[in-house]
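Take a look at the structure below.
Throughout, read-outs are computed from the coordinates displayed, never taken from laboratory work. Predicted model only: the values in this text are computed from it and were never measured. Heads up, the Cβs are rebuilt from the backbone with ideal geometry, glycines too, and the neighbour counts pull from every protein chain shown.
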Amino acid sequence: MAAAATFAEHLKDLSPEAMHSALGQFLPDGVTTEQKVQLVAMALRSPEGATLRQELGRWIVDRLVPVESLLPNRYAMWRSPTRECMLFVISQLSVERLAPKLIEQYELPLKTTPEVRLLKLIARVPGLQKLGQVLARNRHLRHSVRTALSKLENGIRDVGMKDMLEVLHRELGERMELFDMKIERRLLSEASVSAVVRFSWWNAEERRREKGVLKVLKPHIPDCFAEDMKILQELADYFGQRAHKGFASGVIPDTFSKIRRHLQREVDFPGEQAALLEAAKQYSAVRRVRVPQLIPHFCTARVTAMSEEEGVKVTSAAPHLDGQGREQLSKQLVEALVAFPLLSRSPYALFHADPHAGNLLYNRRTGELVLLDWALAERLTREQRRRLTLLFGAVAFRNPAAACEQIQYLSERDKHDHPGDAKTIGRVVERFFEELPVAKLPRAVDAMSLLESAAMVGVRFPSSLIMFSKVLFTLDGILDDIRGGSATTEFTIARYLLKRWVRQPFTFGLPLTVRDWVGLECSALLYGGRLGVRWEETLSTRMFASKPDAQRSRAAGSRTRH
């Protein structure tokens, strides 16, 4: 304890560069990694443990995994809260989980990249691993960061087959013998909270042996996940007491609260099983799209049994396809994940809210797209989908008034049932269209960026809408990886819309009304005029900027007098 106190006090005077050497001096020579972990754990539990956490956290965040190396200038405003978030997690993580991570960081070679260190740091932290999967296909992140995070899609390795067999025997009990289950002795894949193994079983009704896969909750997840969710809630409270430049009050805590509520579904296996049944029914009529079939006999609160689906990760399949094949795969993705749920006739349309590349398989033999992992499924109401479709049209046709109207309707009502502030939304929309390059064809992700900008100034949106926005951003990155920057979502949606309209005009259940169609047509007719005015304003600004200072001053004075 005395050594821990001396060490903690000594760290206060050290720069992050000298921290590694100081930690080496604290740890005796010739001890095993396990013994080093025990020594650090003892120090963290000492009265000086809080100081030790603070200084070691600074060492990790400022030296080993600096935020500047992870977030590009585009996300500069997020660097400060991200750094605070990392320090907070280190300060709150249990000693049993933190001590091994500190020693692991210490034992890594000094030249280890921040991206590799980040993956080690969030290992067995399922909440952060899930966030990493979401960010992996963000096309605006540095390539090295994206490459590292993409390993979370199917490269997690933190559990053994022995542990999985123990869970299966405990959960399935006599059913294993009753159905003559044969379980393969190696893991098929791992995700953030679960692992998947192949199995076969005797189907007495069909008098044949059938195959499937078992998705099993990892044994360490209940405790780890509960702690992660607690930390996320505490993060929301922590940021609720602080102001950050560029963020309206309440934005960051509200974001953490919604993330926590959404991620809690990851361990709700019965909920996922119900969503899987609904999704399989919903997509049964969609050509070349498959959803795994549930096998109820072997489903429990910690095990989900389903059919095994053939295929490889879509981003891995793309390099083996020609240009036409990649084009077709891109269309399948947009239709299945966006167009189909967006234009559904259902009052509450189910959509896949976790479409990272590891959950999307492509069967090159049949040309089918397979949608895995429905734990984070969400729903959009008919009215939400109507307003979203109209917002896409408003942004595409550069109609600020229509965009303001749709954002206000999409915003989350307060306790008095009032929508988002119209003036605030108006300023955001005006700035958005002013900054939108005149030569750029607005896209669906631009509409989502507009919603994000509104959220940054305090306009709140339902969590289902936030998740749908996340789907579009994630899909945009996947499409970019499959066929490059030419990938667009809106043309595929429009094509899908037209195809359904031709088949069943006026009766096929679109969320749009006849009045909406008329409004979109009018907006399209006025698009040329709005674009012309924007071109003129842009040219005038460029000409004014190119004049000498004296001429600009006279021109400005002339405009003022007039």
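Classify segment 385-477 from the C-alpha gyration tensor, please: rounded if a/c falls under 1.5, else prolate or oblate depending on whether a/b exceeds b/c. Verdict is oblate for segment 385-477. Which pairs break 27 Å Cα to Cα here: Lys36/Lys130; Lys111/Lys215; Lys230/Lys313; Lys151/Lys281; Lys101/Lys151? Check vs 27 Å cut-off fails for Lys36/Lys130; Lys111/Lys215; Lys230/Lys313; Lys151/Lys281. In segment 310-512, a dipole from Cβ-located charges (positive for Lys and Arg, negative for Asp and Glu) runs towards its positive end, and of Ser344, Ala377, Val457 it is Ser344 whose Cα lies farthest in that direction. Please report the base-10 log of the normalised intensity I(q)/I(0) for the chain, using a Debye sum with one equal scatterer per alpha carbon and no solvent, at each q in 0.11, 0.13 (1/Å). Ignoring solvent entirely, the Cα scatterers give -1.13, -1.42.
Here the calculated FRET efficiency for Lys111 and Ser316, from their Cβ-Cβ distance with R0 = 30 Å, stands at 0.55, rounded to the nearest 0.05. Fully extending the segment from Gln92 to Leu531, taken as 0.36 nm per residue of separation minus the present Cα-Cα distance, adds 152.8 nm.
Modelled this way, with points 7 Å down the Cα-to-C-beta line, the labels at Glu184 and Lys245 are 5.3 nm from one another. Could you run the Karplus curve 6.51 cos²θ - 1.76 cosθ + 1.60 with θ = phi - 60° over segment 76-91 and give me ³J(HN,Hα) per residue in whole Hz, x for Gly and Pro? My calculation for segment 76-91 gives 4, 5, 8, 5, 4, x, 5, 4, 4, 4, 5, 5, 5, 4, 4, 6 Hz in order. Between Asn73 and His143, the contour length at 0.36 nm per residue exceeds the alpha carbon distance by 23.8 nm. As a proxy for reagent exposure, Tyr527, Tyr106 were ordered by neighbouring Cβ count within 10 angstrom, fewest first; the result is Tyr527, Tyr106. Stretched out straight at 0.36 nm per residue, the stretch from Asp223 to Leu27 would grow longer than its current Cα-Cα span by 67.6 nm.
Neighbour counting of Cβ atoms within 10 Å sorts the residues Arg209, Arg79, fewest neighbours leading, into Arg209, Arg79.
Most tightly packed first, judged by the mean number of other beta-carbon atoms within 10 Å of their residues, the peptides 171-181, 473-483 read 473-483, 171-181. Under the rule a/c < 1.5 gives rounded, and otherwise a/b versus b/c splits prolate from oblate, where does segment 2-150 land using the Cα gyration tensor? Since a/c reaches 1.5 and a/b is larger than b/c, the shape of segment 2-150 is classed as prolate. The H on the amide N of Glu378, modeled in the peptide plane, is under 5 Å from the matching H of Phe351, Ala353, each at least 5 residues off or on a different chain. Karplus-derived 3J(HN,Hα) values for segment 305-314, using 6.51 cos²θ - 1.76 cosθ + 1.60 with θ = phi - 60°, are 9, 7, 5, 7, 10, 7, x, 10, 3, 4 Hz; glycine and proline are entered as x. If R₀ is 22 angstrom, what is the calculated FRET efficiency for the pair Ala524 and Phe491, using the beta carbon separation as r and rounding to 0.05? It comes out at approximately 0.90. Can you bin segment 310-512 into rounded, prolate or oblate? Criterion: square roots of the alpha carbon gyration tensor eigenvalues sorted a ≥ b ≥ c, rounded for a/c under 1.5, prolate for a/b above b/c, oblate for the rest. Because a/c hits 1.5 or more and a/b exceeds b/c, segment 310-512 counts as prolate. Residues in segment 380-387 carry Karplus couplings, in order, of 10, 6, 4, 5, 4, 5, 4, 5 Hz; the curve used is 6.51 cos²θ - 1.76 cosθ + 1.60 with θ = phi - 60°, and Gly or Pro positions show x. Among Phe199, Phe392, Phe433, the ranking by other beta carbons within 10 Å of each residue's beta carbon, starting with the fewest, stands as Phe433, Phe199, Phe392.
Taking amide H as placed 1.01 Å from N in the peptide plane, Arg290 has its amide H under 5 Å from the amide H of Leu369, Val370, Leu371, each at least 5 places away in sequence or on another chain.
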